Amino acid sequence: MKAVLCSSFTGPGDLRLGEIDEPRPAGDEILIDVHAASVSFMDQLLVSGLYQMRPQTPFVPGTEASGVVVAVGDNVTTFVPGDRVACSSWTGGYAERMTAKESKSVLLPDGVAFEAAATVLHNYGTAYYALVERARAQRRETMFVTGAAGGVGLAAVDLGRHLGLRVIAGVGSDDKAALVRSYGASEVVNYCSEDLRDRIKSITSGHGIDVGFDNVGGEIFQQMARSMKWGGRLMPIGFTSGEIPQIAMNLLLLKNYSIIGVFVGAWAEKFSAEAARMNDMLMQLLADGKIRPHIDRVLPLEEATEAMRAVANRSVQGRIVLKIR
């Protein structure tokens, strides 16, 4: 079968399209005819050797996909061949067929397109786990999201609006402002051209932010740590800047706020039943039109390298999707 292969951790430029043997599902797995796969920043980190785990090479990148079940493992009870599904996995999505854990797969409601379904579990799963499970965000609280036009950031904006939060979106260029506003951001801050602390202070009338959702890290996180409200929750989601921040702990002490880690992949491994319920709920929200994943563009599998380069260059708004069937 056709698949994109990563043979060394040297970045998107060394990915190659080739032929590999079809995978076989283990007892707790399903085999999927892949119709669409999303391209994430995590995928780019994995092939560049910059993620906290390194798959054995060669491997097929792709952490999220959708398609049709063609076979199931002996222990699978939730799915049967012919089911339309979305799934998440550490690897395997950029191929004509992939295997996925039963616990990390979800049935697609009628009317949900494969392309949209392939962008939900990672983006909206991260946002939901962060906002609902970790931050316990409440209606009318103020949230500041960095990297707000990216896949996870835009999902946080969209879900924050759905949850009744006041959303402030942080972006790195003015051309992303219109998109985040259309998804529910009441205010937009360009932290590459504006003083972040001054803008947050002005927008919140000096009170600061209740919930910080940071995808960037580095200096941006440092500024957010100085912009929190009493009792707030600051969440490191990722470090797209490449810099893991360190902060003075007296900042937390003075305002009694918390820094809360968010790693939805590890949570889903440890609490698979809870994660499966979340995935079902997110797909129903998608089917009901209550969340709206944004697809920047749809490309053929052969253009996976170009898609990853666009993600690495931060020129993508929402997600790029690879259409495989």
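Please get the size of the charge dipole for the range 123-264, origin at its Cα centre, with Cβ charges of +1 on Lys and Arg and -1 on Asp and Glu, quoted in debye to the nearest 20.
Dipole about the Cα centre, nearest 20: 540 debye.
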Exercise. Excluding residue 52 itself, what net charge comes from residues whose Cβ is under 15 Å from its Cβ, given Lys and Arg +1 and Asp and Glu -1?
Worked result: -1
Seminar exercise, completed: Out of 193, 30, 251 - ranked by how far each Cα lies towards the positive end of the dipole of the chain, with unit charges on the beta-carbon of charged residues - the top one is 251
Seminar exercise, completed: Taking a crude spin-label model, label points 7 Å out from Cα along the C-beta direction, the residue 173 to residue 299 distance in nm is 1.5 nm
Problem set entry | Sites residue 182 and residue 21 - FRET efficiency at Förster radius 45 Å, r taken between beta-carbons, to 0.05 | 0.50
For this session: Provide the gained length on full extension for the span residue 33 to residue 287, in nm with one decimal, where the gain is 0.36 nm per separating residue minus the Cα-Cα distance.
Result: 89.3 nm
For this session: Note down the magnitude of the dipole of the chain about its Cα centre, charges +1 on Lys and Arg C-beta and -1 on Asp and Glu C-beta and zero elsewhere, to the nearest 20 debye.
Result: 1100 debye
For this session: Quickly work out the residue 273-to-residue 249 label distance, labels modelled 7 Å from Cα along the C-beta direction, and quote it in nm with one decimal.
Result: 3.6 nm
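Taken together, the values in this text are just the output of simple stated rules run on the coordinates, not laboratory data. Please read these numbers as outputs of a predicted model, since none were measured by experiment. As a convention, Cβ positions derive from the backbone with ideal geometry for all residues, glycine included, and neighbour counts pool all protein chains shown.
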